[in-house]
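The structure appears right after this line, and notes come after that.
Readers should treat all values here as calculations from the given coordinates under stated rules, not as data from a laboratory. Everything numeric in this text was worked out from a predicted model, so none of it was measured. Note that we place each Cβ from the backbone using ideal geometry, even for glycine, and neighbour counts take in every protein chain shown.
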Amino acid sequence: MKKPIWQKSFYDHVIRNENDFYEKLNYIHNNPLKHKITDSLEKYSYNSYQNYNLLNNRLIKLDKIN
């Protein structure tokens, strides 16, 4: 039996331009704040906020976008 990739209320989204990319990235970065998982993204290591905004690649290695 095949299982769906997305949950029922979720859907995929094609990134169409740089603005769209950063809009979605900021949404992902701010989710821990929105859901009160943390009160500081600077202290929260489990998303890519630290990579993009603090240039900290200690936990998650990211390729640079040119």
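Tabulated values for the structure
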| item | result |
| --- | --- |
| Footprinting exposure proxy for S9, S45 (fewest neighbouring C-beta atoms within 10 Å first) | S9, S45 |
| Cross-link table K24/K61; K3/K43; K3/K24; K2/K43, entries beyond 29 Å C-alpha to C-alpha | K3/K43; K2/K43 |
| Exposure proxy order (Cβ contacts within 10 Å, fewest to most) of H35, H29 | H35, H29 |
| Summed side-chain charge close to H29 - residues other than H29 whose Cβ falls under 12 Å, Lys, Arg +1, Asp, Glu -1 | 0 |
| Which of F10, F21 has the fewest Cβ neighbours within 10 Å, and the rest in rising order | F10, F21 |
| Length gained when the stretch H35-E18 is fully extended (0.36 nm per residue, less Cα-Cα span) | 3.5 nm |
